[in-house]
Amino acid sequence: MARPSAAPSERTRVKRMHERGAYDRASIDAILDAQPLAHIGYVLNGAPFVTPTLQWREGDHVYWHGSAASRMIETCIEADVCVTVTLMDGLVLARSAYNHSVNYRSVMLLGRARLIADPAEKEMRLKNFVEGMFPGRWDRLRAMTAYEAKATTVLAIEINEASAKIRRGPPGDPDEDLMQDVWAGVLPLEVRTLPPIPDPRGSVAAPPEYLTRFKIG
C-alpha cells in the first residue's frame with residue numbers, strides 16, 4: 001500500500017524530520033497492534049496531564065478502559081484527547097553527541113473520546129481486549145459482576161486524525177565524521193517475554209499455551 005503524501009490534518013502533519021512521517025492505515029494499525037501501552041493526553045482544570053494505560057484496536061477505533069472514578073476517564077469523556085503509542089527499537093550511537101538518536105515507531109492520534117455507554121457493548125469490548133491478548137482466557141474467568149461492570153468505564157476514539165513517525169537504520173553522521181576513532185552503530189532493544197510466575201497463593205499446574213506465545217513488538 002502506498003503511503004499518502006498528505007497528513008489528515010495540519011495538527012498531525014509531521015514537521016520535524018518530515019520524511020519519517022507516515023499517514024497510511026497499514027503503518028498506523030501495525031504500531032497500535034504491536035504495543036498495548038498508550039499515553040492519554042488531556043486537559044484537567046486548565047493544566048495538561050498524560051496518563052499511561054492499555055489500549056486495543058478494533059477496526060477503525062482505539063479503546064481504553066479505567067476505573068469509573070478515575071479523573072483521567074472522567075475528564076476524557078466527550079473531550080478532545082491525544083493518544084500516543086511508542087515502541088523503542090534501538091539506541092543509535094553516532095560519532096558526535098549531536099547525532100545520537102533512537103530507532104522507534106510511534107503513533108499520535110487526535111480526536112474526541114466517546115463513552116461506551118451500552119452495557120452489552122462495554123462487556124463485548126472488554127472481552128475483545130482480553131481475548132486479543134490472551135486468546136481463550138475470557139471464558140475461563142469468573143464472570144464479571146454487576147459492581148465490576150459499573151466500576152469500569154470504556155472509552156473509544158476513531159482512527160481518523162492520526163500520524164505515524166518511524167526511524168530505522170544506522171547513525172546519520174556526515175561524511176567528515178566517518179574517520180573519527182569512535183564506535184558508531186545501533187544497540188537494538190526489544191521487550192522479552194520471560195517464563196510465567198504463578199501466583200504463590202495457588203494456581204493451575206501448567207501455564208496456558210497463550211502465555212508462551214505472547215509477544216509485544
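The values are calculated or read from the model by the stated rules, or taken from the named source; none is laboratory data. What you see is a predicted model; the values in this text were computed from it and never measured. Cβ: placed from backbone, ideal geometry, glycine included. Neighbour counts: every protein chain shown. The protein model used for the area step is the full one, side chains on, heavy atoms only, and it has no ligands, DNA or RNA in it. Shrake-Rupley method; radii C 1.70, N 1.55, O 1.52, S 1.80 Å.
I'd like to know if region 109-120 contains one or more residues that are part of a helix (DSSP H, G or I) and either on the phi > 0 side of the Ramachandran plot or open to solvent by 30 Å² or more (accessible area, probe 1.4 Å) (or both). There is at least one residue in region 109-120 that is part of a helix (DSSP H, G or I) and either on the phi > 0 side of the Ramachandran plot or open to solvent by 30 Å² or more (accessible area, probe 1.4 Å) (or both). What tally of residues in region 1-53 results from selecting those that are of a type in the set (Ser, Thr, Tyr) and modelled with pLDDT of 85 or more? Total satisfying the criteria: 5. Mind listing whichever residues of region 168-187 are open to solvent by less than 100 Å² (accessible area, probe 1.4 Å) and either more than 16 Å from Tyr98 (Cα to Cα) or in a strand (DSSP E or B) (or both)? Scanning region 168-187 gives Gly169, Gly185, Val186, Leu187. Just one residue in the set Glu148, Glu131, Glu158 is within 17 Å of Ala38 (Cα to Cα) and surrounded by fewer than 16 Cβ atoms within 10 Å (Cβ to Cβ); that residue is Glu158.
Listed here are the residues, each with its yes/no results for (1) part of a helix (DSSP H, G or I); (2) open to solvent by 70 Å² or more (accessible area, probe 1.4 Å); (3) not hydroxyl-bearing (Ser, Thr, Tyr).
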{"site": "Ala7", "(1), (2), (3)": "no, no, yes"}
{"site": "Val14", "(1), (2), (3)": "no, no, yes"}
{"site": "Pro52", "(1), (2), (3)": "no, yes, yes"}
{"site": "Tyr63", "(1), (2), (3)": "no, no, no"}
{"site": "Val81", "(1), (2), (3)": "no, no, yes"}
{"site": "Met88", "(1), (2), (3)": "no, yes, yes"}
{"site": "Val92", "(1), (2), (3)": "no, no, yes"}
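Can you give me the number of residues within region 26-43 that are open to solvent by 50 Å² or more (accessible area, probe 1.4 Å) and of a type in the set (A, V, I, L, M, F, W, C)? Outline the logic, then answer.
Narrowing region 26-43 to residues open to solvent by 50 Å² or more (accessible area, probe 1.4 Å): 26, 30, 33, 37, 39, 43.
Filter once more, so that each one left must be of a type in the set (A, V, I, L, M, F, W, C): 26, 30, 37, 43.
The total comes to 4.
Just to be sure I understand, how many residues within region 34-49 are assigned to a loop (DSSP other than H, G, I, E, B) and within 17 Å of Trp64 (Cβ to Cβ)?
Number satisfying all stated conditions: 2.
Of the residues Ala184, Ala164, Ala156, only one is touching a Ser or Thr at 6+ places or on another chain (Cβ under 8 Å) and touching a residue at least 60 places away in the same chain (Cβ under 8 Å); which?
Details: Ala184 fails: touching a Ser or Thr at 6+ places or on another chain (Cβ under 8 Å); Ala156 fails: touching a Ser or Thr at 6+ places or on another chain (Cβ under 8 Å).
Of the residues listed, the single one that is touching a Ser or Thr at 6+ places or on another chain (Cβ under 8 Å) and touching a residue at least 60 places away in the same chain (Cβ under 8 Å) is Ala164.
Close contacts from region 131-145, counting a first residue that is farther than 16 Å from Leu211 by Cα and a second that is open to solvent by 60 Å² or more (accessible area, probe 1.4 Å) and of a type in the set (D, E, K, R), with Cβ to Cβ under 7 Å and a gap of 6+ residues or different chains, come to Met144/Glu123.
Screening Thr53 against (1) among the hydroxyl-bearing types (Ser, Thr, Tyr); (2) in contact with a strand residue (DSSP E or B) (Cβ under 7 Å, 6 or more places away or on another chain); (3) in contact (Cβ under 8 Å) with a residue 24 or more places away in the chain leaves a single unmet condition, (3). Within region 188-217, being in a loop (DSSP other than H, G, I, E, B), within 30 Å of His61 (Cα to Cα) and β-branched (Val, Ile, Thr) holds for Val191, Thr193, Ile216.
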